[in-house]
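Novice: Okay, handing you the structure first.
The values are calculated or read from the model by the stated rules, or taken from the named source; none is laboratory data. Not measured: the values here are computed from a predicted model. Note: ideal-geometry Cβ built from the backbone for every residue, glycine included; neighbour counts use all protein chains shown. SASA here: full protein model, heavy atoms, side chains in, ligands and nucleic acids out. Shrake-Rupley method; radii C 1.70, N 1.55, O 1.52, S 1.80 Å.
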Amino acid sequence: MRAIVYGYFTDELDLLNAVKELQNKGIRIADVRTPFPVHGLDAALKLRRSHLPKVAFVGGLIGGTLGLFFQVWVFTKGWPLNFGGKPFLSLPSFIPVTFELTVLIAAFSMGIAFLLRSNLGPGSIPDILDEEVTDDHFQIILSEKNNNLSETELVEALAATGALDVKHVNAEK
Amino acid sequence: MMHVSPVREPLINGEKSYKDITKDVVAPVRAKPGKLWFVGLGISAIVMLIGFAMIGYTIWFGIGTWGVNRTIGWGWSITNFVWWVGIGHAGTFISAILLLFRQKWRTSINRAAEAMTIFAVMCAGLFPLIHMGRLPLGFFILPYPNTRELWVNFNSPLLWDVFAITTYLLVSLLFWYMGLIPDLGTIRDRMKTLWKKKVYNFLSFGWKGSARHWQRHESMSLILAGLAAPLVLSVHTIVSFDFATSVIPGWHTTIFPPYFVSGAIFSGFAMVLTLMIVTRRALNLKEYITVGHVESMNKIIIATGSIVGIAYITELFMAWYSGVEYERYAFMNRALGPYAWAYWIMMTCNVISPQLLWFKKLRRNLAFTFVLSIFINIGMWFERFVIVVTSLHRDYLPSSWAMYKPTWVEVAIYMGTFGLFFTLFFIFIRVFPVIALAEVKSVARSSARKFLGKPIKKQSSEKQ
């Protein structure tokens, strides 16, 4: 059984200060939950940059390449058709479809990667500790798991930052 | 803290805290819909069903039930298609291009405008499918391995359209829904009954607002915007290729792509204004969609409207300057021929009327803006009608010259798409948050009246 300690703020600037305060004390933060993306929080939590843009790039590359080569194959090998004496391999007219497929595959590969990586999707049940997080609560969650402090010490540390309504639960994870 | 320019008027009026923002935006979803809503939905649904019945009638009896003939093969159907696609350009323009330009006022209107985009593209997509005649064989437009071993013609702009419209619909849907996930989470947590909580949890994909999720979400939104921005521009470019790559005088011009794209954004914003001026009132969101928002949209209208005006005049000049007899005749015929009335409606609505927006008083006048937006919607419909019908009705061979008039079947199908559009919109405003909650909250600190302190100078008051 690992204890989870959490409390909230009603202002994102207080949250940012509290995050820094806790980190200065050497306490690891398990999660921060906010109603909207807080500017500067990623840097404060030292989150690594997301790889999603790379997924989109690779997806786009695959979509574009496949789209272009498919059209080239159709008009040179698959079934070359003569359209008014125009060249079989007319690359400029393949560009629109290639572009659309690039965008389509890039966007969807990134969207799917986002959901998979974040463990979100239809039927996903979240572990919500405070329903007001989607309203105006900025929540800090500390876990006994990645800290050497006891439950009471964590509660004290979090309360010392000015967090409101500090609670603790015992979670399986 | 960030420096805030005192000159800029707040984007959120009325001392709204984060909690107030949530409450106000979720209110229409939580409340029982009023009588007016049911009446609106009922009328829209009936009109939609009549339209669908007429589509069925067309499929059963054939395209002969329409007014199109051998000379004018593209009548109202293609006019409506281009018109609806054009309207579908504002949403993604607002959410993608204005995001890249860091326009904060976008946050109050992007959700509804994107929904409108998706519904408009759905209406648009219907028309080419019906116009092909045999709807059950509609899948022939897709390249799939078949027993005839034939593929589609990748050289044809009509096929590019298939790819462009499909991609646009799917990517807009993805962009819109990804933005909705956090807000659906908010609605889930505000719901009291268990089954509603479950439904909204399913729809919100189990959103919990974790910092890591937000980081990925933001990074994804930015890349999606980067992908969607050229996509918006490509879609109407490709629609314009349907005309521009042909050898019909009046269609065969190189200015078509930019001219169509700016026309699309022009008409799209007009439709956003028409809808939002009503919606902000009906759903009590005046503090979020302010007169300042309307003014910003009006500025885009005047910019794109002027581009459209210049394009019309350039077309006329080039027709004369080219010295090509057919080209000259096509434009003389547009302005002075049997369809001159349509041409002059288009000119008045699209070129002259938006120029009134140079006056700040009019830009900030809601009643005027509402009327003007409807004028623009009408004008842009006539632009497509003029391009399609007047260019075709007197072709190279005078013996095949003809006139075109729609039948009641075509009119009913067009009305039916309005029914479809508004049915979807009415359902949307009661089921999903009309304003991008998380995005509005994220700009509140820099742009809401509550955080900005006392207003420096009162802007001209709101006229209703």
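Novice: Percent relative contact order of the stretch B:34-139, based on C-alpha pairs within less than 8 angstrom and at least six residues apart?
Specialist: Relative contact order, the stretch B:34-139: 31 percent.
Novice: Beta carbons within 10 angstrom, averaged per residue: use that to sort the peptides B:129-142, B:53-66, highest first.
Specialist: Descending packing order for the listed peptides: B:53-66, B:129-142.
Novice: Right, here's the next one. Using 7 Å Cα-to-Cβ label points, what is the A:PHE57/B:LEU142 separation (nm, one decimal)?
Specialist: With each label point 7 Å from Cα toward Cβ, the separation is 3.2 nm.
Novice: Can you give me the three principal axis dimensions of the stretch A:3-54 from its C-alpha atoms, in Å, biggest first?
Specialist: Reported extents, whole Å, longest axis first: 35, 23, 21.
Novice: Go through the stretch A:130-141 residue by residue and turn each phi into a ³J(HN,Hα) via Karplus (6.51, -1.76, 1.60, θ = phi - 60°); whole Hz please, and just put x for glycine and proline.
Specialist: Each residue's phi maps through the Karplus curve to give 8, 5, 6, 4, 8, 10, 9, 9, 10, 9, 10, 10 Hz.
Novice: How shielded is A:117-125 by partner chains, expressed as the average number of their Cβ atoms within 10 Å of its Cβ atoms?
Specialist: Rounded to a whole number, the mean comes out at 6.
Novice: Continuing with the same structure: Express the C-alpha Rg of the stretch B:86-142 as a ratio against the empirical globular expectation 2.2 N^0.38 Å, rounded to two decimals.
Specialist: Expressed relative to 2.2 N^0.38 Å, the Cα Rg reads 1.51.
Novice: Could you grab the relative contact order for chain B? Cα pairs under 8 Å, six or more apart, rounded to a whole percent.
Specialist: Computed value for chain B: 34 percent relative contact order.
Novice: Expressed in whole Å with the largest first, what are the equivalent ellipsoid semi-axes of the stretch A:12-144 derived from the C-alpha gyration tensor as the square root of 5 times each eigenvalue?
Specialist: Semi-axis lengths for the stretch A:12-144 are 50, 15, 12 Å.
Novice: Label points 7 Å out from Cα along the Cβ direction at A:ALA159 and A:ASP14: separation in nm?
Specialist: 1.6 nm
Novice: Follow-up. When the convex hull of the C-alpha atoms of the stretch B:45-195 is computed, what volume per residue in Å³ does it have?
Specialist: On the way: hull volume 30.8 nm³, N = 151.
Per-residue hull volume (Cα only) is 204 Å³.
Novice: When only C-alpha pairs under 8 Å and at least 6 residues apart count, what is the relative contact order of the stretch A:52-118, in percent?
Specialist: 56 percent
Novice: Further, regarding this structure: State, in angstrom, two size descriptors of the protein assembly as shown derived from its alpha carbons: Rg to one decimal place and Dmax to the nearest whole number.
Specialist: Values for the protein assembly as shown (Cα only, Rg and Dmax): 27.2, 95 Å.
Novice: May I pose another question? Which Rg and Dmax, in Å, describe the Cα atoms of the stretch B:331-464?
Specialist: 22.3, 73
Novice: Leaving out ligands, DNA and RNA but keeping every protein chain, what accessible area does B:TYR321 have, in Å² rounded to the nearest 10, with a 1.4 Å probe?
Specialist: Answer for B:TYR321: close to 150 Å² accessible.
Novice: Separate question: Could you tell me what percent of the accessible area of the stretch A:52-118 is made up of carbon and sulfur, with a 1.4 Å probe and every protein chain present?
Specialist: Within the stretch A:52-118, the accessible surface is 81 percent carbon and sulfur.
Novice: Residue by residue through A:131-141, how many Cβ atoms from other chains fall within 10 Å of the Cβ on average? Let's see the in-between values first.
Specialist: Values: counts 7, 5, 7, 17, 11, 8, 3, 3, 4, 1, 2.
If you average over the peptide's residues, the count of other-chain Cβ atoms is 6.
Novice: How large is the translational diffusion coefficient of chain B in µm² per second when you combine the Kirkwood radius over alpha carbon pairs with Stokes-Einstein at 4 °C and 1.567 mPa s?
Specialist: 55 µm²/s
Novice: So if the hydrodynamic radius of the stretch A:52-118 is defined as the Kirkwood radius over C-alpha pairs, what does Stokes-Einstein give as its diffusion coefficient at 20 °C and 1.002 mPa s, in µm² per second?
Specialist: For these conditions, the coefficient is 165 µm²/s.
Novice: Averaged per residue, what accessible area in Å² does the protein assembly as shown show with a 1.4 Å probe, protein chains only?
Specialist: With all protein chains present, the protein assembly as shown gives 45 Å² per residue.
Novice: Next question, about the same structure. If you place +1 on the Cβ of every Lys and Arg and -1 on the Cβ of every Asp and Glu, how big does the dipole about the Cα centre of the stretch B:1-109 come out, in debye to the nearest 20?
Specialist: 240 debye
Novice: Using only Cα atoms, find the angle between the long axis of helix B:437-447 and the longest principal axis of chain B, and express it within 0 to 90 degrees, rounded to the nearest 10.
Specialist: 70 degrees
Novice: Now for a separate question. Order of B:15-24, A:82-91 by packing, highest average Cβ count within 10 Å first?
Specialist: The peptides rank, most packed first, as B:15-24, A:82-91.
Novice: Please report, to two decimal places, log10 I(q)/I(0) for the stretch B:135-184 at q = 0.19 Å⁻¹ as given by the Debye formula with identical point scatterers on the Cα atoms and no solvent.
Specialist: The Cα Debye sum returns log10 ratios of -0.73.
Novice: If you take the charge dipole of chain B about its Cα centre, with +1 on Lys and Arg Cβ and -1 on Asp and Glu Cβ, which of B:SER95, B:PRO128, B:PRO10 is farthest toward its positive end?
Specialist: The residue sitting most towards the positive pole is B:PRO10.
Novice: Give the calculated FRET efficiency between B:LYS197 and B:ILE43 to the nearest 0.05, with a Förster radius of 30 Å applied to their Cβ-Cβ distance.
Specialist: Working: r = 32 Å, r/R0 = 1.07.
Rounded to the nearest 0.05, the efficiency is 0.40.
Novice: While we're looking at this one, here's another question. Too long at a 22 Å Cα-Cα cut-off: which of A:LYS20/A:LYS145; B:LYS286/B:LYS450; B:LYS104/B:LYS208; B:LYS361/B:LYS441?
Specialist: Distance filter (> 22 Å) returns B:LYS104/B:LYS208; B:LYS361/B:LYS441.
Novice: Can you list the residues of the stretch B:56-91 with backbone N under 17 Å from a point 7 Å past the Cα of A:LEU81, pointing along Cα to Cβ?
Specialist: None, by backbone N distance to the label point.
Novice: Applying a 10 Å radius around every beta-carbon, put B:374-380, A:160-166 in order of their mean neighbour count, most first.
Specialist: Result, highest mean Cβ count within 10 Å first: B:374-380, A:160-166.
Novice: By accessible area of protein heavy atoms, probe 1.4 Å, what ranking do A:LYS54, B:LYS441 get, highest first?
Specialist: Solvent-accessible surface, decreasing: A:LYS54, B:LYS441.
Novice: Follow-up question, since we're still on this one. Which residue fluctuates the most in chain A, going by a Gaussian network model with Cα springs under 10 Å, if the choices are A:PHE57, A:PHE69, A:PHE114?
Specialist: A:PHE69
Novice: Nearest 100 Å² is fine: how much accessible area is buried between B and A, summed over both sides, with a 1.4 Å probe?
Specialist: The summed interface area works out to 5500 Å².
Novice: Assuming a viscosity of 1.306 mPa s and a temperature of 10 °C, what translational diffusion coefficient in µm² per second does Stokes-Einstein assign to the stretch B:213-315, Rh being the Kirkwood radius over Cα pairs?
Specialist: 99 µm²/s
Novice: Suppose R0 equals 45 Å; then what is the FRET efficiency for A:LYS25 and A:SER124 from their Cβ-Cβ distance, rounded to the nearest 0.05?
Specialist: Working: r = 33 Å, r/R0 = 0.74.
Given R0 = 45 Å and the Cβ-Cβ separation, E is 0.85.
Novice: Tabulate in residue order the Karplus-calculated ³J(HN,Hα) for the stretch B:237-243, using 6.51 cos²θ - 1.76 cosθ + 1.60 with θ = phi - 60°, rounded to whole Hz; enter x for Gly and Pro.
Specialist: 4, 5, 4, 5, 4, 3, 8
Novice: Two-decimal Rg/Rh of the stretch B:1-121 from alpha-carbon positions, Kirkwood Rh?
Specialist: 1.14
Novice: While we're here: Residue-wise, which Karplus ³J(HN,Hα) couplings in Hz belong to the stretch A:152-168, taking 6.51 cos²θ - 1.76 cosθ + 1.60, θ = phi - 60°, and x for glycine or proline?
Specialist: Result, ordered by residue: 5, 5, 5, 4, 4, 4, 5, 5, 5, 7, x, 5, 8, 6, 6, 10, 9 Hz.
Novice: What does the average come to when, for each residue of peptide A:84-91, you count the partner chain Cβ atoms lying within 10 Å of its Cβ?
Specialist: Mean partner-chain Cβ count within 10 Å for A:84-91: 1.
Novice: Ignoring everything except DSSP H segments at least 4 long, calculate the 222 nm mean residue ellipticity for chain B; use -39,500 (n - 2.57) per segment, divide by total residues, nearest 500.
Specialist: Result for chain B: -22000 deg cm²/dmol, rounded to the nearest 500.
Novice: Modelled label-to-label distance, B:LYS286 and B:VAL431, 7 Å Cα→beta-carbon offset: nm?
Specialist: Reported label-point gap for B:LYS286 and B:VAL431 is 3.0 nm.
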